[in-house]
Amino acid sequence: MANSEYEYVKREFEFDRRLPASNWIVVRIDGCHFHRFSKIHAFEKPNDENALRLMNACATSMLEKFPDIVFAYGVSDEYSFVFREETEFYQRRESKILSICVSYFTSVYGMKWKDFFPNKDLREPPYFDGRVVCYPNMKTIHDYLAWRQVDCHINNHYNTCFWMLVKSGKTEKEAQQTLKGTFSEDKNELLSQQFQVNYEDEPAMFRKGSSVYRDKVETKVKTDDYGNPIKRIRLAITVSNLDIIGPEFWGKHQYILQEGKYRYEYVKKFDDIRRLPCCNWIVVRISACQFDKFSLIHSFDKPNDETALSLMNASASLMMEQFPDIIFGYGFSNEYSFVFQENTELYQRNERLILSSCSSWFTSFYMMKWKEYFPSKELVQPPKFEAEVLCYPKPKIVCDYLSWRQAECHNRNQYNTCFWMLVKSGEDENKANEILKGTLSKDKNELLFQRFQMNYNNEPAMFRKGSCTYRQKKQD
Ligand code: ATP
Ligand code: ATP
Ligand code: MG
Ligand code: MG
């Protein structure tokens, strides 16, 4: 095989880190620079209801898409997703779970924006970063959610007072000064005395945040012979703004967080901040998930849709503008690898932040550029990209990594070229696969030449070689 010389880079440098069994996995995502984002898009302060509803709609889509998410809790620009304890989602592989959640959320946020802000253009790509935390038992997962809701209360209480003061004519500094050192009762008093507002009457969504879960609902399925309705209980995804700190909610919804049958006794400490070793070259590889379906739905040309490849390249260029530490990008089909300069201090080399924000940014750029590249094709399904972070100690190994990806591009493209030529000439797909089974590179070249009078080497270089993105010296 053409790539066997380089495959050691996968064997020796790619690890599947799996999250410990018998733990609840929580992915918490948070909007990046949403202070600025909310200003640019003129969100109402302190709470823009449409922005919160948009976040809730994205969380609902997450539960629809990923059935192993059993509960989500969101406030402001953040959302936590709790997976069922025994989930085998991507075999509990951390980088897959994190990048796919962040990417899908970003992509749905972009797609649904118009539904919630019909009169506002998205002026900047929204993006999110995320982390994964594991909670070993029922108590800690309840406490985690309670912590987020307490945080919601504290922030919202403060922000409500702050914006009341500002809207009544105080400067932001004066408002801060007034609130400094105040307790909860003081804030309630300030609201009722100065503004005749009872904090408890504020909308529950602002005070309690939003929970998304599957609730039991009774629905009429049919009527019996006497015309009486026959009802069934089914689970429907619901958004509510209830208290999740006290025992009441969890008492009524015991089925949501169920402990698994096979509980391990040990509790492994899960390290949350992993910094990538210094003096190593960081490579982030992004690749689209379930793109086979995505490319069919959007009727991409087969085997290579040139516009789709150009869109990937355009997104990669934007990545290089966004992250000056990226020195080189290489992509083909639905993947792109980004090489960072050796000493990058991006996110202090925190692996999860690099992973999640790169997949979110790439997703957002892809969404923003879609219209430009496919002006007459509606984006009907949110794309999602997974990401891996890889680390190489020497530039030679980075080069071998890139050679490996290019060899892979060659292998796949040569195969796909033959496959689609056969299919387009009338063979069915199974037969085409059968014909190609076990063939070597030269057999494929021969097949193309003999059957289709086609010289593989004359195919466009973008298809055969993939694309490189880098900065070139230019004379001004
Ligand atoms: P970081 O990148 O560190 O997360 P950030 O600017 O996103 O920085 P956060 O602490 O996450 O800071 O705070 C979120 C910001 O977004 C707050 O300033 C908040 O006012 C604003 N924001 C988020 N959602 C809304 C909303 N629905 N209505 C009004 N403002 C919002
Ligand atoms: P997974 O979720 O496992 O990654 P996938 O469907 O994304 O599954 P890949 O092995 O990544 O599988 O395959 C990518 C698919 O996307 C192939 O079917 C390929 O034909 C299609 N594809 C990617 N880019 C293009 C393009 N530019 N033009 C046409 N098809 C493309
Ligand atoms: Mg934020
Ligand atoms: Mg936040």
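Every number in this text was worked out from the coordinates using simple rules, so none of it is lab data. All of these numbers come straight from a predicted model, not from anything done at the bench. Every residue, glycine as well, gets a Cβ built from its backbone with ideal geometry; the counts of neighbours run over all protein chains shown.
With axes computed from alpha carbons, what is the tilt in degrees of helix 441-452 against the longest principal axis of the chain, rounded to the nearest 10 within 0 to 90?
80 degrees
How far apart, in nm, are two points set 7 Å out from the Cα along the Cα-to-Cβ line at Arg451 and at Arg36?
The two pseudo-label positions are separated by 5.3 nm.
Using only Cα atoms, find the angle between the long axis of helix 49-65 and the longest principal axis of the chain, and express it within 0 to 90 degrees, rounded to the nearest 10.
50 degrees
So how far apart, in nm, are the two label points at Asp201 and Lys424 if each is 7 Å from Cα heading toward Cβ?
Simple spin-label model gives 6.9 nm for this pair.
So for the range 281-469, taking the charge dipole from beta-carbon charges (+1 Lys/Arg, -1 Asp/Glu), which of Ser403, Trp361, Cys468 sits furthest toward the positive end?
It is Ser403.
Once you charge only the Cβ atoms, +1 for Lys and Arg and -1 for Asp and Glu, what is the size of the charge dipole of the range 396-445 about its Cα centre, to the nearest 20 debye? Before the final figure, lay out the partial values.
Values: 8 positive and 7 negative charges, 43 e Å.
For the range 396-445, the charge dipole is close to 200 debye.
Treating the beta-carbon of each Lys and Arg as +1 and of each Asp and Glu as -1, no other charges, what is the dipole magnitude of the chain about its Cα centre, to the nearest 20 debye? Each step should come with its number before you reach the end.
Details: 66 positive and 65 negative charges, 98 e Å.
For the chain, the charge dipole is close to 480 debye.
At most 14 other Cβ atoms within 10 Å and a DSSP loop assignment: could you name the chymotrypsin sites (Phe, Trp or Tyr not before Pro) in the range 6-43 that fit? Let's see the in-between values first.
Working: sites: Tyr6, Tyr8, Phe13, Phe15, Trp24, Phe34, Phe37, Phe43; in loops: Tyr6, Phe15, Phe43.
Hits after loop and neighbour filter: Phe15.
Let me know the shape class of the range 368-438, please: from the alpha-carbon gyration tensor, a ≥ b ≥ c as square roots of the eigenvalues, rounded when a/c is under 1.5, otherwise prolate if a/b is greater than b/c, or oblate.
Values: a/c = 2.78, a/b = 1.16, b/c = 2.39.
Oblate.
Taking the Cα centre as origin and putting +1 on Lys and Arg beta-carbons and -1 on Asp and Glu beta-carbons, what dipole magnitude results for the range 17-210, to the nearest 20 debye?
Numbers: 26 positive and 26 negative charges, 120 e Å.
So the dipole magnitude of the range 17-210 works out to roughly 580 debye.
For the residue pair Gln472 and Asn458, what label-to-label distance in nm results when each label sits 7 Å from Cα along the Cα-to-beta-carbon direction?
Roughly 2.7 nm, to one decimal.
Once you have a ≥ b ≥ c as the square roots of the Cα gyration tensor eigenvalues for the range 88-175, tell me rounded if a/c is under 1.5, and otherwise prolate or oblate according to whether a/b is larger than b/c. Please report the intermediate quantities before stating the final value.
Working: a/c = 3.18, a/b = 1.34, b/c = 2.37.
Oblate, since a/c reaches 1.5 and b/c is not below a/b.
Test of understanding: what is the full-extension gain from Glu88 to Asp292, defined as 0.36 nm times their sequence separation minus their Cα-Cα distance? Walk me through the numbers on the way to the answer.
Numbers: separation 204, 0.36 × 204 = 73.44 nm, distance 2.27 nm.
Additional length available on full extension: 71.2 nm.
Would you work out if the range 311-424 is rounded, prolate or oblate? Take a ≥ b ≥ c from the square roots of the eigenvalues of the alpha-carbon gyration tensor; rounded if a/c is under 1.5, else prolate when a/b is larger than b/c, oblate otherwise.
Verdict is oblate for the range 311-424.
With r as the distance between the Cβ atoms of Cys279 and Asn159 and R0 = 41 Å, compute the FRET efficiency 1/(1 + (r/R0)^6) and round to 0.05. Please list the in-between numbers first.
Working: r = 44 Å, r/R0 = 1.06.
Rounded to the nearest 0.05, the efficiency is 0.40.
Choose one of Pro393, Phe374, Leu346: the residue whose Cα lies farthest towards the positive end of the charge dipole of the range 281-469 (beta-carbon charges +1 Lys, Arg; -1 Asp, Glu; about the Cα centre).
Pro393
Tell me the chymotrypsin sites (Phe, Trp or Tyr not before Pro) within the range 215-256 that lie in a loop according to DSSP and have at most 15 other beta-carbon atoms within 10 Å.
The qualifying sites are Tyr226, Tyr255.
Projected onto the charge dipole of the chain (+1 at Lys/Arg Cβ, -1 at Asp/Glu Cβ, origin at the Cα centre), which of Thr106, Ala204, Ile245 gives the Cα projection farthest towards the positive end?
Thr106
Report the relative contact order of the chain, percent, no decimals, based on alpha-carbon pairs under 8 angstrom and at least 6 residues apart. Before the final figure, lay out each step's value.
On the way: 699 pairs, mean separation 95.3, N = 476.
Relative CO of the chain lands at 20 percent.
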